[in-house]
Structure formats: C-alpha cells, structure tokens
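J.: Dropping a structure here in structure tokens format, bear with me for questions.
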Amino acid sequence: MRPRLPALLLTLSLGTLGGCVTTPKAPPPLTEEQQLASDVARLASDAAALLKAQDLLVWSYWSEGARADVASTYVGKETLFSLDNIRKIDRLRQRTTEPRELRALTALQSHFAGEYLSQQLSEVNDAIANLEASLTFQVDGREVRWSELERLLANERSAPKRQALYTAATPALERLDPLIQRREQRTEELVRELGYPSYEAFGGELRQADLGRLALLAEEVLQATEAPYKDVMERLAQRELGMPFTNLTRADLPRLFRPREVDGFFPKGELLLRAHGTLSGMGIDLGGMKNVRIDAREGVKRKNPRPLSLGIEVPGDVRLSVRPVDGALEQSRLLHEFGHTLHYAYTKEPRFELAKLGNPTVTEAYAALFEDLVEDPVWLEEHAGLTGKDRATYLAATSAHKLFLIRRAAGRLLYQLALHRQEEGVDARELYKAMLERVDEMPATKDDVARYLMEQEDFFQSADNFRAWFLAGQLQGQLKARFGPSWWHEPDAGKFLQELWAHGNALSAREVAERVGEKGISPDVLLLRLGTTLGVPIKLDARDEGSATPAAPEPTAPASPENTPAAPEQAPAAEPPPATPVTPAPASAPQPTPAATRPAKPKASKVRKPESRQARASKKSKASAPRKKDGFRTGHGHKSRR
C-alpha cells in the first residue's frame, strides 16, 4: 500500500535533515541597561494597574457611597514603592538622553517617591486624621465639631459671636500641634533619605519650579496688589458686613466671602445643560464621546454632591460624577470638573507616565479656565441672565475673593520658604504672624498665630495654584484675542484647546504658555482683569538691575523645566534633565520632578506627599476627612478658590 504523498514528503524531509536538526540558539542575555529598562517598565505597569484599581474604588465611593478599602489594594505590593525601586528608576533616568523618555521617567520617579513618603508617614498621618475627625469644642454650653466651624462662621450674622466661635476652637486645634511637629521632623528625615539636601530642594522638584524665582514673583505680586487690595476690602467690608475693614478679624472672613445672593440664577436643573451648551458652541459634545461617562443621577442617597472627574485610564476611560445642587458656587465647581474631563478625554499621549502622572499645574489651569466663565460678564448674561446691579455686585465680590486668594498663595509660598530656610532659634510663630499681617493687612491675634502649624502645606503646594490661576488667565486672554469675547461660540476655539489637551501632561505649564504665544507664565492678564472689574488699577513693575523691589531669598531649588529655555517647536517635550541633588550615599539619588498623582483614600489622612486633585476634593466631602483650606479655610494645603 503506497503512503500518501504528504506523509512521504515529510519522511524524506526528516531523513534528509538527519543529524542537521539543531536546537535554536537562546537569545543573547540582556545588557545591564536593557535589563534596567525592562525592570522599570514592569514597575510602571504595576503602578498603572494599582492606580486604576484605586480610582475604580474612589469612583464607587464617590458616585455610590460604597465602602472603599483603598488600603487593601496595597496588599502584596508592600515592596513596590521602595527606595531600591526609586533608585532603579533614577539609574535609568540618569542614562536617558531622549527628552520624552526623560520626562516620563521623572514623572514615574516622582510618583514612587510620593507613595514612599505616604507609606513611611502613614502612622502619624492616620493619627492626625483621626484626631481631626473627632475634634470638638464648647461654645455657650453646646458642643461644636471643628469641621463645622467655617460653615458656622459664614452663617453667623453677629461679629461677637463669630469671634467667640473662632476663639473657642483654638484649644482644640492646638491638640494637633505635637503630631504635626512629629510629622514635620520625620518628613525632613525622609527627604534626605531620598537623597535631597533640603525640603526646599525636594519641593522644587515636585512643583517643577525654581522656588526662589517664584518667590520673587510672589513678592512682586504682593507689592503690586497691596494698595488696590486695601481699597477693595474696605468697600467689601462696608457692603457685606456694615463695618470698616480695620475692624475686621479673621473670624469674619468666612462671612465676608460667603456665596453671593445670586443662587436663584443658578437652579440645579440648568447647571449641566449650561455646561454642555457652552461646549456645544465649540463643537464639543462631551456626552457623546465614547471614552467619557457622565453619571448625573440625583436619586442616589449616598452620592457625593460635589462633582468629580476621574481619569480611570487616560484617555480611554474618563468619568464625571455630578449630583446637581443650586447655586453659583456649584456651577463653577461643575465647570471646573468639566475642564479636567476635557483635558483627560482629549489626551493623545500614549505614555501612562505622561498622560496621568506629573505636576498638576497644567490640568488645574484648564479647569480654572472653565471655572472662570462664572466670572465672565458676557457668559453670565448669556447663560444665567445675570445683568445690571446684580451682576456688578456679584463680580465685585468674586473678584475681591480671587485677589485675596492670590495674595494668600503668594504669602504662603514666602512663609514656607522662610520657614524651611530658617536658622536654628528663629521663631516659626513670628514668621507666620508677619506673613499674615502683611498678606491680609489685618493684625494677627493670638488665636490666628496659634494656627501656624495648621497652615503648613505639603511641599509648597501653593506654587501650583499660583501658576495655574495665572496660566488660566493667559489662556482666556488668548482665546478672547483670537476668537472674540464669546470665544465659547467658536468651533476654532475648540480646536485650539483640543490641540493643547492632546499633549496630556507632556508639556510643562511654561511650555503651554509659550505654545499659545506668551513668553512664559505671567500674572499680568489676570491682575488686569481683576483690576478692571474692581475699578482699581493693578500693574506689575518691570524689574531690572536697579529695581527698588526688595530682594526675595536667593533661589536655592534645583533648575527646572519651568525656568529653562524652551525646546524647539518640533520637540515640545524636550527639556533638560533636572539638576541632580547632592547625594549623601553612594546609591544614585532619586530626583522626583512632577508631583505624584494618586486617588484619594475615602478615609483620607494628612500625607506629606504631593496630593492629587482627587485626594484634595475627597477631603472636601463630609463623608471623608476634614476639608483642605480654601483661602481662609482651616486645614492643610488648598486646591483652588472654589
């Protein structure tokens, strides 16, 4: 019986090859650099997966009120954010010359450093958070929760009663001081453990800013706004509280800056429609984008009423939680989150490190751009029907508040720098007292100064909002110059913004400013707008060698992309590597540059790490930890004036 042809051919082939059959050669071993790149890629993948899992928990917690055990996501990953892994990322970064790769590695390294700090400080952070959550004080025989203080001050008509509330809270707050001091000391030790010579050097890298140069700008802003600020506050105090500004105390500030009497113009049923209507004029249908999910359900009892945008996977899975509430403040918050959602959703950056990680200044600027529409007279008339005296009064109040917050951010930055540069024996209380009195133009009482530790921020956090507000003002100015006062009606304006959003976090704040035709980040546009609205000219004097402006402390932070000449247009992400910090040990020292971003823990604690906007927003909710300070608000850090 003859074999089939295929079988015969196979037999002949095997017979012919005979002893010629050889085992394929094993691939050559990876070089040290290839192995390092492979290890770091695995670390990035693990970090991305962990962040996604945490964001999904935060989403369920925020939109459903579901219990979210974020701590459980770290089980089995205890060694992920170790010093060894941070140094491994740094070793690869030191060998990298390609600009985009360098920026991605610095973002990843920063994220790992932030997580490392959080782990090391978790015990004291939890102790602070738990104590804060339980703080109460007695007023007129009744017990008051510290977390309710701001609301009570804003609603109290009597100035003496406001002062009584404020004073009664002081002993309770001072109970936190030993824990905060313990954390400060440990944080300084950890920063040096990471390889940095100082807290300031580490903070400068995280904020991607030369803090010394930023201090010069803060000083100039304080000087330029001093006289206008006094005039504005005098008018506001007389109108809102019926008393001269010189009689005000800090207990009066929540009442002075309480929401204006215009909430009737912003019914909850129209907030989302107005936001979508604004985008439609630019040819943007956010609700129709397949990668965007908007949860606008109102019937979920435990749903957080504050809007929140989350980039679960940027840009593939972007979510926005909305539970409409009446009021102008709620409209601005919703537009703020729309700004974040648009940035995430239109990102075309494929690298996780450049799409989701990095310093938050740029994304906060896009959010502030849309939030500021609620202070645009044309938008207010068109979308809210707010005109005439009502609009003028509202804009005067909101502009005064913004001016107050800009000065506060400038003052905090200068205070933090002075605090961490102080020589032994310098009184931190006196530094804080001097800052308060200068920035607010109000005497600082013992109760005010007692809050000096509560006012400390996480690694110069004010630097982010300080720059984001100014960059948003510049973006608004460019949009109006290019597309007219009602720029939100122009499809070309939408295309203009989409081109910026496409870069994700691969462009620094300075590069975004330069992309739209500015020389860099400057406060001029925003201050001009505020001065015009308030009827008080505000102008920054150009500084030269012979300037009479008192010198701020000399810059000591490492060089950063914010202060480095721009890269060529064809390579927007090309920035030189950050300066290497002084390394106390032979191991290569890590150099985090952008701030780490990570989801909030529903049981939020105070962490000495760069916080994500989700974390700061989560701490605003009553269901989580005490709120971050917002202008005059108590707590640590702040997000924006809203």
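The values are calculated or read from the model by the stated rules, or taken from the named source; none is laboratory data. In this text, all values refer to a predicted model and were calculated from it rather than measured experimentally. FYI the Cβ positions are ideal-geometry reconstructions off the backbone, even for glycines, and counts take in every protein chain you see. Note: accessible area is taken over every heavy atom of the protein model, side chains too, but ligands, DNA and RNA are not part of it. Shrake-Rupley method; radii C 1.70, N 1.55, O 1.52, S 1.80 Å.
J.: Would you please give the FRET efficiency between Asp140 and Lys519, computed as 1/(1 + (r/R0)^6) with r the Cβ-Cβ distance and R0 = 56 Å, to the nearest 0.05?
T.: 0.50
J.: Still on this structure, I have one more. Net charge near Pro171: determine it from the other residues with C-beta under 13 Å of the C-beta of Pro171, scoring Lys and Arg +1 and Asp and Glu -1.
T.: Overall, the nearby charge balance is 0.
J.: Full extension from Ala227 to Asp46: what is 0.36 nm times the residue separation minus their Cα-Cα distance, to one decimal in nm?
T.: Full extension of this stretch gives 59.9 nm more.
J.: Suppose each label sits 7 Å from its Cα in the direction of the beta carbon; what would the Leu30-Glu298 distance come out to in nanometres?
T.: That separation, rounded to one decimal, is 5.5 nm.
J.: Relative contact order for segment 153-265 using alpha-carbon pairs under 8 Å, separation at least 6, rounded to a whole percent?
T.: Averaging sequence separation for qualifying contacts and normalising by length gives 40 percent for segment 153-265.
J.: If contacts are Cα pairs under 8 angstrom and at least 6 residues apart, what is the relative contact order of segment 45-163 in percent?
T.: Here the relative contact order equals 13 percent.
J.: Could I ask something else about it? Using the Cα gyration tensor of segment 381-466, with a ≥ b ≥ c the square roots of its eigenvalues, what is the shape: rounded (a/c below 1.5), prolate (a/b larger than b/c) or oblate (neither)?
T.: Prolate, because a/c is 1.5 or more and a/b exceeds b/c.
J.: State whether segment 173-219 is rounded, prolate or oblate according to the following rule on the C-alpha gyration tensor (a ≥ b ≥ c being the square roots of its eigenvalues): a/c under 1.5 gives rounded; otherwise a/b larger than b/c gives prolate, and the remaining case gives oblate.
T.: oblate
J.: Can you tell me the relative contact order of segment 357-479? Whole percent, Cα pairs under 8 Å, sequence separation 6 or more.
T.: Reported relative contact order: 38 percent.
J.: A further question on this structure: Between Asp39 and Asp69, what is the label-to-label distance in nm when each label sits 7 Å out along the Cα-to-Cβ direction?
T.: 3.3
J.: In Å², what does the accessible area per residue of segment 113-267 work out to with a 1.4 Å probe?
T.: Accessible area per residue: 40 Å².
J.: Further question: Using a basic spin-label model with each label point 7 Å from the Cα along Cα→Cβ, how many nm lie between Ala434 and Glu188?
T.: Result: 1.8 nm between the two label points.
J.: Arg157 to Ser486: FRET efficiency via 1/(1 + (r/R0)^6), r the Cβ-Cβ distance, R0 60 Å, to the nearest 0.05?
T.: After rounding to 0.05, the efficiency reads 0.95.
J.: Further question on the same structure: Compute the signed sum of charges (Lys and Arg +1, Asp and Glu -1) over the other residues within less than 12 Å, Cβ to Cβ, of Gly281.
T.: -3
J.: Relative to the present Cα-Cα distance, how much length would full extension add between Lys495 and Arg175 at 0.36 nm per residue of separation?
T.: Separation in residues times 0.36 nm, less the Cα-Cα distance, equals 109.9 nm.
J.: Tally up the carbon and sulfur contribution to the accessible surface of segment 121-256 as a whole percent, 1.4 Å probe, everything protein left in place.
T.: After summing per-atom areas, the C and S share lands at 48 percent.
J.: Return the loop-located GluC sites (Glu not before Pro) in segment 375-456 (DSSP other than H, G, I, E, B) with at most 10 other Cβ atoms within 10 Å of their own Cβ; answer none if there are none.
T.: For GluC sites (Glu not before Pro) across segment 375-456 that sit outside H, G, I, E and B with at most 10 neighbouring Cβ atoms in 10 Å, the list reads Glu423, Glu424.
J.: Keeping all protein chains in place and using 1.4 angstrom, which order do Ser45, Ser321 fall into by accessible surface area, from largest down?
T.: Most to least solvent-accessible, the answer reads Ser45, Ser321.
J.: What is segment 184-341 by shape, rounded, prolate or oblate, if you read a ≥ b ≥ c off the alpha carbon gyration tensor as root eigenvalues and call it rounded for a/c under 1.5, prolate for a/b larger than b/c, and oblate otherwise?
T.: oblate
J.: Another question, if that's okay. Quick one: which residues, 5 or more positions from Val139 or on another chain, have an amide H under 5 Å from its amide H? H modelled 1.01 Å from N in the peptide plane, none for Pro or chain starts.
T.: Sorted by chain and number, the residues that satisfy this are Val144.
J.: In square angstrom, what is the accessible area per residue of segment 346-387 with a 1.4 angstrom probe?
T.: It amounts to 25 Å² per residue over segment 346-387.
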